[in-house]
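The values are calculated or read from the model by the stated rules, or taken from the named source; none is laboratory data. Computed from a predicted model, the values in this text were never measured in an experiment. We place every Cβ from the backbone using ideal geometry, glycine too, and count neighbours over all the protein chains shown.
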């Protein structure tokens, strides 16, 4: 995905957030691509209410690290990205 993204002339910068979407199927078993689909949970309860898939305008934050006694802890701070609406690519 990253190679296809950049070879097409689109710049890729540090902090860019890429998402491939989900791979769904009509039977729901072979094509579950998101965590919501894979767990069988269509909605989850959060302190803000019942949630499903991300909506346009929402912001997502990721934080990650790995650690071991031998090497200590390494990671990155919060990486955030805003979900933008899909582009209208109809050519008239």
- Message: Can you find, within region 61-75, the residue that is nearest to residue 16 (Cα to Cα) among those that are more than 17 Å from the chain's Cα centre (by Cα) and surrounded by 10 or more Cβ atoms within 10 Å (Cβ to Cβ)?
- Response: 74
- Message: Which pairs turn up if I take residues in region 45-73 that are in contact (Cβ under 8 Å) with a residue 40 or more places away in the chain and on the phi < 0 side of the Ramachandran plot and look for partners that are surrounded by 10 or more Cβ atoms within 10 Å (Cβ to Cβ) and part of a loop (DSSP other than H, G, I, E, B) with beta carbon separation below 8 Å, at least 6 apart in sequence or on another chain?
- Response: 60/17; 60/54; 60/83
- Message: It is to be established whether one or more residues within region 40-49 are surrounded by 10 or more Cβ atoms within 10 Å (Cβ to Cβ), touching a strand residue (DSSP E or B) at 6+ places or on another chain (Cβ under 7 Å) and modelled with pLDDT under 85.
- Response: yes
